[in-house]
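Note sheet for the following structure.
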Amino acid sequence: MASDFQTIPIIDIGPLLDKSDDPKMAEDKQALEVVRLLDEACKVAGFFYVKGHGIPDSLIKEVRDATRKYFALPYEEKIKIKMTPASGYRGYQRVGENITKGKPDIHEAIDCYKPIVQGEYGTLGAPLEGSNLWPDNPSNFNLLMEEYINLVKDLSRKIMRGIALALSGLPDSFEGELAGNPFWVMRLIGYPVLSDGKSLDMQGNDVGCGAHTDYGLLTLVNQDEDINALQVRNRAGEWISAVPIPGTFVCNIGDMLKVWSNGVYESTLHRVINNSPTYRVSVAFFYEPNFDACIEPLNFCKEKANGVAGVEKVVYGEHLVQKVLTNFVM
Ligand SMILES: N=C(N)NCCCC[C@H](N)C(=O)O
Ligand SMILES: O=C(O)CCC(=O)C(=O)O
Ligand SMILES: [Fe+2]
């Protein structure tokens, strides 16, 4: 359960990454210290900064800059990759199209998902079938994003090996049938400046993204430097700013890890409010279980609660599809 934390921990995961594919990982002192810090952060806040991740800062910035260039294009250009039910909910959505708790969010985005071929998951996967819609402009956009996706996906897998140990499981607890073929989601997001630093629309809505939890396992947020906008709710109900720390990702745990951990880790509520005078870009990568995995508390997590499951089981793909189908007005 998220406590009344006031700050979000920073974890240098370098020593874990060095050993994460080593069969002796669980005997390495420095890797185990990272595991301890992950456990603490997941229990206390459900959020932490990841440093020492090994992904070049230049690539991380390039991804944000390409995203910014795309959003700066005229609407007619952006709408060429419009997200529709027929595109598998992949592509561009304009400001106000995404809905959180009944209110339009003040952001625009490109949504991407791991490609799903027709029939791959039967009716379960049908709404998200398709491949991603990438803009032609800026050029090389898709190559850049694919390079980035490969790196953040592998980073997430390694963090999950650490989290498996943190929950007293084996390092590969989240591989094989559970998350060995991980689904992923990426959202390239732009948060416009609010006019006069006040509300953008007549209803006085100034929320870039309303309070929500993420749906899967781990989220890695690549956010603009120098703009404070992402806020995380602690148990006392206070909103704690996840201020940008150059060279880090903001990492948070999602609903499926809450279930697998039997509620030992919480998927913490967060929201985005861009009150700055500058357009804000963030790129959120979501590392998820296998699309068709049935998620229920793992035995080694239930043991701590005398074998009692404290959270409901769910098929990940059903959870995701139910969210996606209620996220948009179209
Ligand atoms: N894949 C993830 N986590 N996307 C986050 C979007 C959160 C806002 C969405 N309208 C909602 O209400 O969930
Ligand atoms: O823009 C951000 O900093 C976070 C976005 C977010 O929470 C999400 O897309 O799930
Ligand atoms: Fe989120």
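Any read-out appearing in this document is the output of simple, stated calculations on the displayed coordinates, not a laboratory observation. The structure displayed is predicted, hence computed values, not measured ones. Heads up, the Cβs are rebuilt from the backbone with ideal geometry, glycines too, and the neighbour counts pull from every protein chain shown.
Some points to look at:
- Whole-number percent relative contact order across the range 281-330, with pairs defined as alpha carbons under 8 Å at least 6 apart: 38
- Between the range 1-66 and the range 90-165, the alpha-carbon centres lie 22 Å apart.
- Spatially proximal aspartates and glutamates relative to K302 (Cα-Cα < 20 Å; intrachain offsets below 8 disregarded): D39, E40, D172, E175, E177, D255, E266, E312
- Each label point was placed 7 Å from the Cα along the Cα-to-Cβ direction; for E76 and T326 their separation is 3.9 nm.
- Secondary structure note: in the range 10-324, about 90% of the DSSP beta bridges are antiparallel.
- Highest average packing first - 269-279, 32-42, 111-121, Cβ atoms within 10 Å: 32-42, 269-279, 111-121
- Only helices reaching 24 angstrom along their own axis (Cα) with mean Kyte-Doolittle hydropathy no lower than 0.0 count here, and for the DSSP H runs of the chain these are 141-166.
- Which listed pairs, of K82/K114; K19/K158; K51/K313; K29/K158; K19/K313; K29/K153, have C-alpha distances above 21 Å, in listed order: K51/K313; K19/K313; K29/K153
- The 3J(HN,Hα) values that the Karplus relation (6.51, -1.76, 1.60; θ = phi - 60°) gives for the range 103-109 are, in residue order, 10, x, 7, 8, 8, 10, 7 Hz. Gly and Pro appear as x.
- Applying the Karplus relation 6.51 cos²θ - 1.76 cosθ + 1.60 with θ = phi - 60° to the range 111-124 yields 3J(HN,Hα) values of 9, 10, 9, 3, x, 10, 7, 3, x, 3, 10, x, 5, 4 Hz, where x marks Gly and Pro.
- Under a 5 Å amide H cut-off, with hydrogens placed 1.01 Å from N, K51 pairs with I11, D12, I13 among residues at least 5 apart or on other chains.
- Long-range HN-HN contacts of A293 with modeled amide H, under 5 Å: Y316, G317
- A cut-off of 5 Å between modelled amide H atoms, ignoring neighbours fewer than 5 places along the same chain, links Y89 with T84.
- C-alpha center-to-center spacing [the range 300-330, the range 227-298] in angstrom: 16
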